[in-house]
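The values are calculated or read from the model by the stated rules, or taken from the named source; none is laboratory data. Keep in mind that what you see is a predicted model, and the values were worked out from it rather than measured. Using ideal geometry, Cβ is built from the backbone for each residue, glycine included, and neighbour counts are taken over all protein chains shown. The area values use the complete protein model at the heavy-atom level, side chains included, leaving out ligands, DNA and RNA. Shrake-Rupley method; radii C 1.70, N 1.55, O 1.52, S 1.80 Å.
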Amino acid sequence: MKKVIIIIAAMGSLFASAQQLIDNKGNRNQSYPVITQTNPEVVQLINLVEQDSLEARIRYMQGFYRVATSPAAVTVQDWLVSHFESYGYGSDDISIHYFTLNSQPVAAGNVVVVKKGSEFPDEYIMITSHYDHSTFDTPCGPGADDNASGTSGVMECARLLKDFPTKRSIMFVPFNAEEYWMVGSFPFAQKCATENMNIIAHLNMDMIGWFPPSNPNTIMASGYSYISKTLFDYFHQTANTYIPSIPTIRLSDGDSYGGDHMPFNMYEYPSLYIGDIEYHDQHPCYHQPCDTLGNGVNRLDLAKSFVQATLCAAAELANAWLPPQNLSACSGTDHITVTWDSSGESDIYKIYRNNALIDLTTETSYIDNDVEIGKEYEYYVIALSCETRQESAPSYKDKVTFVKPLQLPYSNDFSVNKYGFEQSNWVLRNVNGKSALCNTEGNGYVPDNYLTLAESDWFPIPEDTENITARFKWQGTLNGIWYNTSLFFEVTNDRKTWHKLAAISGNAMGWKNCEFSLNQYIGSDFLQVRFRLESSGAQNYSYTKIGYVTDFEIVFEDGTGIQQPEQTYFKDLVIAPNPTPGRFNINTFQDMPYQIFVYNMQGQIIFQQEHFRDGSLDLSSFPKGAYMIRVAIDGHSIARKIMLQ
């Protein structure tokens, strides 16, 4: 675990970098089983946790100053690999995921160990830690608690689960470079999202061996951001069922604001921080030379209990009968369609509306014709086994108001008498003479783990549409300590996956114009767009204050697919030849270097470069079609359309 270092950067660009525009691949609506009694096999498993083994590994690691870029980190990386091999994992199970720091390759990578499941090998449970230690405090400590303790716990879980039969796969990952602000885990989480990995739970152990000597009531704490509440509920209940003598609670601050769970939350993978950071302010050896066994780690019995809690949660989930996943309810012209994924272990589904059973089906969809305009309905399903008559836990509950579709073209200036948006905890407010949606009622910082949504009513896009554009104006202060602190503009055609069109951040004192093409959704029978503001971290650690949106439109026209450019800094932007076979010249008629961004017609950044100067650029590797070139410096930008032939 590392201290929070708040960096105030220049926020000239309204759009986040390309890595932030990867669609969220996790399932923030993941639902879990309900564990109310212990399984004798799991009890036997957690009773095998060896406190002496935890201590021995911590003692070895505290002998090295494990700065992420040091030779000692490579030594510990190799030591980790040898131990995983000694547990019985082979070369096909173990790999090293390398990454860069400040554009330089790091010799010690993330150690990745996979135990393949027997029935659902593509469903993963992750158990992680970080094996580096702090570089930001002088002098730095040997890092027994932070985080040799958590890494020793991951190793113990890997040892005990090696020959424990599991239906799902379990991935064990000691990350490197967490203390550089999750430099190792961030590209790994991005890799998982890019590869569309199905990670149903991520349990990250970080500092598990210290407890205030003066506190007589031992507890285990876990932190989570907004999207991981259902995972915490599962972990909390399971840990308290198996280890009732040491209660598991939520961190008082809600999240740890730093840890390798955070990059996974960014991609909406349910992730928990598990560790003793609840008493961080009382820890005298945090990032200090005294972070050794006996001082920094003063409760090996607590470390053992943290490992047992993680172990029982992972073992239960690895073999659990999961509830049906990805349920959604979508309005139609005269009905609501409810769909969900097959559980793979079910024969029949019970469908509930507003907590009342309305039907049974062997399908994974249901059309509800008994609906009335303006009424709100909440749906969920429970899987039923005809063979055993057992029922699964309930699926995610989706709530929808049945409405007629928006009539296109559509405009909304958010005056009181205009409708078409379901405003979660957004409010209407007059801002600089304009009626606008406001993402928070107050003018202070957003609260802990903040999430607010404003969803449009649904609408179809006719197949004969040539060009359709969504646009709006925004202003506000949207700067936070983590990558997912932004105002996201998203679209969905099934209410299961919301595709990012933009991640907007920065400081905008005046109204900024934003414009996006919806052409890729032409012919869709169902579409919704929404604004989502989400911030991980409490108000003391975030600069996100408030955001306003006004003058929203969906219109038929020749949309460019990106934000309207500002013209106040650059004299001009000349692109020639245009159209081009791929290579062309860029001229802004200035001597200073600038940023350059290339967008596709969905408003996604496909190329970017810092410190670009007037000269040539080659895009011949990209598909033929229309793109937008934007150059930016000091908060000012200008853009031009280009055609690749």
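Structure values in brief
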| quantity | calculated |
| --- | --- |
| Asp52 paired with Gln590, simple spin-label distance in nm, labels 7 Å along Cα-to-beta-carbon | 6.9 nm |
| Nearest 10 degrees, 0 to 90: helix 71-86 Cα axis against the chain principal axis | 70 degrees |
| The stretch 131-193: trypsin sites (Lys or Arg not before Pro) falling in loop per DSSP and having at most 12 other Cβ within 10 Å | none |
| Label-point gap, in nm, between Lys162 and Ile249 - each point 7 angstrom along Cα→Cβ | 3.8 nm |
| Under-5 Å amide H pairs with Arg353, H placed in peptide plane, nonlocal only | Ile358 |
| Förster radius 22 Å - calculated FRET efficiency between Asp341 and Thr194, Cβ distance, rounded to 0.05 | 0.55 |
| Accessible area of the chain divided out per residue, in Å², using a probe of 1.4 angstrom | 39 Å² |
| Entries of Lys304/Lys397; Lys350/Lys375; Lys116/Lys496; Lys115/Lys399; Lys399/Lys500; Lys229/Lys304 with Cα pairs more than 31 Å apart | Lys304/Lys397; Lys115/Lys399 |
| Full-extension gain in nm, Asp618 to Gln104, via 0.36 nm per residue minus C-alpha separation | 182.6 nm |
| Separation of alpha-carbon centers, the stretch 165-242 and the stretch 243-273, rounded to whole Å | 6 Å |
| Inter-centroid distance (Cα atoms) of the stretch 64-114 relative to the stretch 369-414, Å | 46 Å |
| 0 to 90° range, to nearest 10: angle between helix 229-242 axis and the chain longest Cα axis | 10 degrees |
| Label selected from (i) 114, 76, 48; (ii) 88, 75, 45; (iii) 69, 67, 47, the criterion being Cα extents along the principal axes in Å as computed here | (iii) |
| Solvent-accessible surface ranking, highest first, for Asp413, Asp276 at 1.4 angstrom | Asp413, Asp276 |
| Cα gyration tensor, the stretch 178-319 - rounded (a/c under 1.5), prolate or oblate | oblate |
| For Ile348, distant residues with modelled amide H under 5 Å away | Leu384, Cys386 |
| Of all accessible heavy-atom area on the chain, the percent that carbon and sulfur account for (1.4 Å) | 48 percent |
